[in-house]
Amino acid sequence: MLEIKDLYVSVEDQEILRGINLQVNPGEVHAIMGPNGSGKSTLASVLAGREEYEVTSGSVTFKGDDLLDMDVDERAHAGVFLAFQYPVEIPGVSTATFLKSSINAIRKARGQEELKPVDMLKLLRQKAAELEIDPKFLQRSLNEGFSGGEKKRNEMLQMSLLEPTLGILDETDSGLDIDALKVVSDAVNKLRSPDRSFVVVTHYQRLLDYIVPDFVHVLSKGQIVRSGDKSLALELEARGYDWVREGAVQ
Amino acid sequence: MAETLQTNKTDRKSRFYTLFSSLEQSLNGQTSRADHAIRRKSMEKLAQMEFPTRRDEDWKYTSVVPVLKPDWSLPSASANDTHSAAAGEGIKLYFFNGMLDQEVSDLDKLPEGLLLCSIADALEMDTERARVEKLLDKEVELAENAFVPLNGAFASNGLYLRLKKGVRLSSDIHFVYTNDGSAQATMINPQTIIVLESSSEMRIVESFNGQSGQTFTNILNRFEVGANARLEHYKFQLENKESFQINNTKAWLNRDSVYSNYNLDLGGALVRNNVISVLLDSNITANLYGAFLGVDRQHLDTQTFIDHAFPHCQSNELYKGILTDRAKGVFNGKVIVRPDAQKTNAFQQNSNLVLSPTAVMDTKPQLEIFADDVRCSHGATIGQLDETSVFYLKSRGIPDAQARRLLQLAFLQEVLDTIEVEYLHDYASGLLKAKFEETK
């Protein structure tokens, strides 16, 4: 589904990612862990299409297509979803308007008809209820004045509505209390299916108690220095990131 | 060079003298009436004044040369009646090229307590004459610019409205102007005088709809809002892309009164609003709100002036604009807080998005505060769309152009949200969306 080959990425001439290789097959959940500054968020941002990141070499294909050649909105149409670490506040655009525009834009790009307003409203209400989001939230300006937890719930609401084939979570768990963390994990677990994959970028092992990954990769200084199953995350938790840093040198 | 300029100026004014002579001839002996005396007096005033130039501080960013260039004709009597639709239900007054269409207007269903008649007729009434003279005759003498006497000289269909003490109008009054210059370049001079007696309440909605050809709408509004009275005033400006509008609106506000002015500027080649609020006593509120969207080579200028002379008054101003292509926007917000105006709250904000390198915005907050116990704030910003927000919307599949439109609409939403009346809020949103659609 997602194939990253020998990916080098720079920001303002500083090399952040130095030869990333990663293959994500349908149905798999991959966790990317690593200390601050290891390049975790850069990887997520490049996959989402942020312009300030320059890919100097390597390739990323998504379902066989060149992902790096797609515009940001085209990636969403193709089925890529990035849950932001810092969702943007947009005063004046109601959450409902935003969600409707998003759903219909994606439907349109896929050659489907726009949802009827009645069906749209029903869908929004139903998904909001599943995520324990007060329907009043839908009338509020997008993320404006939302707490950290509310913003992340809103990201999960978007993901549930858009039903992507690849979900990328960029430190979605950072700063969340256990209750909010459970809401986020439940949303992901509900969406898990044999043809949907997730890349979960996180700093803390705790999230992986709730979203159990198939693979864990440890990123350090722009490279994947260790890969393993979920036990690797537990080992990291016990021994700290210094242990893999040393490992990288050996 | 200087001589040529001088000649041009005299030339421009002399064309109005000629136009005035032909107007007098067409009046067939009605030149002895009181309203004509005001016309003559206005003409004299115009002769003494000069049209503003960019050397005048208040007109530094707006040249009226294009407005004075065409050889304007007055509206002909044979007006057709293809009227634009009103913004909503209420008492509808339809004007074609400034002339009231009595057949289709709701003149027969005026509510109790509202007097509505022509200014000419009001001048003949013993009960009204003094008020009209005060708000028209005197105003021509005090004229803030030459367009005021120009209106005084050529307005032929001025309306006078007086709402009696304690009456709250349940129906809104719609002034629906449809302007068309396809037969000839036409100058239209709408003139409205409104008197609200104490504790009365009224909502008026002006809409200016341009059809084809070139027109110049030169508005004169003079309002007197009585003690404890409330006047809500909306203006939706949709002149066509060749046409001009100069709007001189002044509200005299008495004790405990509220005047709210909402202005949406979407049309016109060159538009200038002068909105003046004079606070004559204490505990008065003046709210001035406006949104504008300039594309192509549109030039949209708003000047506000709020004169605080008494204690415990407040004024709120929020103006937001978007400019793209080669459009130009101007905002000048003048607020004076005189020495006696203690405990004044004056708030002013003007925020703008300039979306192309060839679009220009000039903004100038101008607060002059002579009292020491006041709360006054002002802010002016000029910026671009936030690219982080564009990215966020695009990451959810919304195409670039649509994402930008959504954010532009959101930017102006703050102004639209000051409109509490639902049908007017929806009407304004609809007009704005339509303009975005048309220019995408």
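The values are calculated or read from the model by the stated rules, or taken from the named source; none is laboratory data. Fair warning: this is a prediction, and the values are worked out from it, not measured in the lab. All Cβ positions, glycine included, derive from the backbone under ideal geometry; neighbour counts span all protein chains shown. Just so you know, the surface numbers come from the protein's heavy atoms only, side chains and all, with ligands and any DNA or RNA stripped out. Shrake-Rupley method; radii C 1.70, N 1.55, O 1.52, S 1.80 Å.
Here is a yes/no grid of residues against (1) within 14 Å of chain B (Cβ to nearest Cβ); (2) over 17 Å from A:F198 (Cβ atoms); (3) open to solvent by less than 40 Å² (accessible area, probe 1.4 Å):
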residue	(1), (2), (3)
A:D134	no, yes, no
A:Q139	yes, yes, no
A:E155	yes, no, yes
A:E171	no, no, yes
A:A180	no, yes, yes
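Is it fair to say B:V337 is in contact with a Cys (Cβ under 8 Å, 6 or more places away or on another chain) and either buried (at least 21 other Cβ atoms within 10 Å of the Cβ) or away from every other protein chain (no Cβ under 11 Å) (or both)?
Answer is yes for this residue.
Of the conditions (1) of a type outside the set (G, A, S); (2) at pLDDT below 90; (3) within 26 Å of A:P164 (Cβ to Cβ), A:R239 clears all except one; give me its number.
All conditions pass for A:R239, except number (3).
Just to be sure I understand, how many residues within segment A:43-67 are of a type in the set (G, A, S) and within 14 Å of another protein chain (Cβ to nearest Cβ)?
4
Identify, from the list A:F198, A:F146, the residue that is among the aromatic types (F, W, Y) and open to solvent by 10 Å² or more (accessible area, probe 1.4 Å).
Exactly one of A:F198, A:F146 is among the aromatic types (F, W, Y) and open to solvent by 10 Å² or more (accessible area, probe 1.4 Å), namely A:F146.
Residues that are within 14 Å of chain B (Cβ to nearest Cβ) and on the phi > 0 side of the Ramachandran plot: does segment A:28-42 have at least one?
The initial filter retains those residues of segment A:28-42 that are within 14 Å of chain B (Cβ to nearest Cβ), namely none.
No, segment A:28-42 contains no residue that is within 14 Å of chain B (Cβ to nearest Cβ) and on the phi > 0 side of the Ramachandran plot.
Read through the list (1) open to solvent by less than 30 Å² (accessible area, probe 1.4 Å); (2) more than 25 Å from A:G49 (Cβ to Cβ); (3) in contact (Cβ under 8 Å) with a residue 24 or more places away in the chain, then give the number of the only condition that A:G228 fails.
Of (1) open to solvent by less than 30 Å² (accessible area, probe 1.4 Å); (2) more than 25 Å from A:G49 (Cβ to Cβ); (3) in contact (Cβ under 8 Å) with a residue 24 or more places away in the chain, only one is false for A:G228: (3).
Just need a number here: residues in segment A:85-102 that are facing chain B (nearest Cβ under 8 Å) and either in contact with a strand residue (DSSP E or B) (Cβ under 6 Å, 6 or more places away or on another chain) or free of Cβ contacts under 8 Å to residues at least 60 places away in the same chain (or both).
Of the residues in segment A:85-102, 8 are facing chain B (nearest Cβ under 8 Å) and either in contact with a strand residue (DSSP E or B) (Cβ under 6 Å, 6 or more places away or on another chain) or free of Cβ contacts under 8 Å to residues at least 60 places away in the same chain (or both).
Would it be correct to say that B:F436 is modelled with pLDDT under 95, within 14 Å of another protein chain (Cβ to nearest Cβ) and within 30 Å of B:G88 (Cα to Cα)?
yes
A:K127 - would you say it is part of a helix (DSSP H, G or I), more than 13 Å from chain B (Cβ to nearest Cβ) and in contact with a helix residue (DSSP H, G or I) (Cβ under 6 Å, 6 or more places away or on another chain)? Before you say what the answer is, go through the steps one by one.
Details: part of a helix (DSSP H, G or I): yes; more than 13 Å from chain B (Cβ to nearest Cβ): yes; in contact with a helix residue (DSSP H, G or I) (Cβ under 6 Å, 6 or more places away or on another chain): yes.
Taking the combined requirement at face value, the residue satisfies it.
If you go through segment B:109-127 one residue at a time, do you hit one that is assigned to a helix (DSSP H, G or I), under 30 Å from B:D426 (Cα atoms) and not assigned by TED's automatic domain parsing to the domain that holds B:L431?
Checking segment B:109-127: at least one residue is assigned to a helix (DSSP H, G or I), under 30 Å from B:D426 (Cα atoms) and not assigned by TED's automatic domain parsing to the domain that holds B:L431.
If you check B:N179 against the conditions, is it of a type in the set (S, T, N, Q) and assigned to a helix (DSSP H, G or I)?
No, not satisfied.
Which of the residues spanning segment B:29-47 are farther than 14 Å from B:S156 by Cα and either open to solvent by 40 Å² or more (accessible area, probe 1.4 Å) or not in a helix (DSSP H, G or I) (or both)?
Within segment B:29-47, B:G29, B:S32, B:K41, B:E44, B:K45, B:A47 qualify.
Listed here are the residues, each with its yes/no results for (1) outside the structural domain of B:Y262 (by TED's automatic domain parsing); (2) open to solvent by less than 20 Å² (accessible area, probe 1.4 Å); (3) in contact with a Ser or Thr (Cβ under 6 Å, 6 or more places away or on another chain).
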| site | (1), (2), (3) |
| --- | --- |
| B:K165 | no, no, yes |
| B:D172 | no, yes, no |
| B:N189 | no, yes, no |
| B:G213 | no, yes, yes |
| B:L238 | no, no, no |
| B:F244 | no, yes, no |
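Would you call B:N157 closer than 28 Å to B:F20 by Cβ, touching a strand residue (DSSP E or B) at 6+ places or on another chain (Cβ under 6 Å) and surrounded by 21 or more Cβ atoms within 10 Å (Cβ to Cβ)?
Answer is no for this residue.
So, in segment A:96-125, of the ones that are open to solvent by 90 Å² or more (accessible area, probe 1.4 Å) and farther than 14 Å from A:N154 by Cα, which residue ends up nearest to the chain's Cα centre (by Cα)?
Going through the qualifying residues, I end up with A:R110.
If you check every pair at least six apart or on different chains, which have Cβ atoms under 6 Å apart with a residue in segment B:413-440 that is more than 16 Å from B:G294 (Cα to Cα) first and a residue that is of a type in the set (S, T, N, Q) second?
Note: pairs meeting the criteria are B:L416/B:S429.
Does A:L82 satisfy the criteria of being more than 9 Å from every other protein chain (Cβ to nearest Cβ) and crowded, with 21+ Cβ neighbours inside 10 Å?
Details: more than 9 Å from every other protein chain (Cβ to nearest Cβ): no; crowded, with 21+ Cβ neighbours inside 10 Å: yes.
For A:L82, the condition - more than 9 Å from every other protein chain (Cβ to nearest Cβ) and crowded, with 21+ Cβ neighbours inside 10 Å - is not met.
Report yes if some residue within segment B:388-407 is in a loop (DSSP other than H, G, I, E, B), more than 8 Å from chain A (Cβ to nearest Cβ) and within 31 Å of the chain's Cα centre (by Cα); otherwise report no.
There is no residue in segment B:388-407 that is in a loop (DSSP other than H, G, I, E, B), more than 8 Å from chain A (Cβ to nearest Cβ) and within 31 Å of the chain's Cα centre (by Cα).
Provide a single number: the residues in segment A:115-145 that are over 14 Å from A:T95 (Cβ atoms) and modelled with pLDDT of 90 or more.
In the first step, residues of segment A:115-145 are kept if they are over 14 Å from A:T95 (Cβ atoms); the result is A:115-119, A:122, A:126, A:129-130, A:132.
Narrowing the set further to residues that are modelled with pLDDT of 90 or more leaves A:115-119, A:122, A:126, A:129.
So the count comes out to 8.
Looking only at segment B:48-95, count how many residues are part of a loop (DSSP other than H, G, I, E, B), crowded, with 18+ Cβ neighbours inside 10 Å and among the charged types (D, E, K, R).
Qualifying residue count for the region: 0.
Can you name every residue in segment B:351-380 that is within 14 Å of chain A (Cβ to nearest Cβ) and either free of Cβ contacts under 8 Å to residues at least 60 places away in the same chain or open to solvent by 40 Å² or more (accessible area, probe 1.4 Å) (or both)?
B:L353
Pull out all pairs, ordered by first then second residue, where Cβ-Cβ is under 6 Å, the residues are six or more apart or on different chains, the first lies in segment A:129-140 and is of a type outside the set (A, V, I, L, M, F, W, C), and the second is outside any helix (DSSP H, G or I) and at pLDDT 85 or above.
A:Q139/A:S94
Restricting attention to segment B:340-350, which residues are open to solvent by 50 Å² or more (accessible area, probe 1.4 Å) and either in contact with a helix residue (DSSP H, G or I) (Cβ under 7 Å, 6 or more places away or on another chain) or part of a strand (DSSP E or B) (or both)?
Of all residues in segment B:340-350, those open to solvent by 50 Å² or more (accessible area, probe 1.4 Å) come to B:340, B:342-343, B:345, B:347.
B:N345, B:F347 - these are the residues of segment B:340-350 that are open to solvent by 50 Å² or more (accessible area, probe 1.4 Å) and either in contact with a helix residue (DSSP H, G or I) (Cβ under 7 Å, 6 or more places away or on another chain) or part of a strand (DSSP E or B) (or both).
Every residue, every condition in (1) of a type in the set (S, T, Y); (2) open to solvent by 10 Å² or more (accessible area, probe 1.4 Å); (3) not in a loop (DSSP other than H, G, I, E, B), yes or no:
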| residue | (1), (2), (3) |
| --- | --- |
| B:R255 | no, yes, no |
| B:N283 | no, yes, no |
| B:A291 | no, no, yes |
| B:D307 | no, yes, yes |
| B:P311 | no, yes, no |
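If the requirement is being open to solvent by 10 Å² or more (accessible area, probe 1.4 Å), touching a Pro at 6+ places or on another chain (Cβ under 8 Å) and in a strand (DSSP E or B), which of these qualifies: B:A143, B:A185?
Criteria check complete, one pass: B:A185.
Return yes or no: is B:V225 surrounded by 24 or more Cβ atoms within 10 Å (Cβ to Cβ) and farther than 21 Å from B:F95 by Cβ?
Yes: the conditions hold for B:V225.
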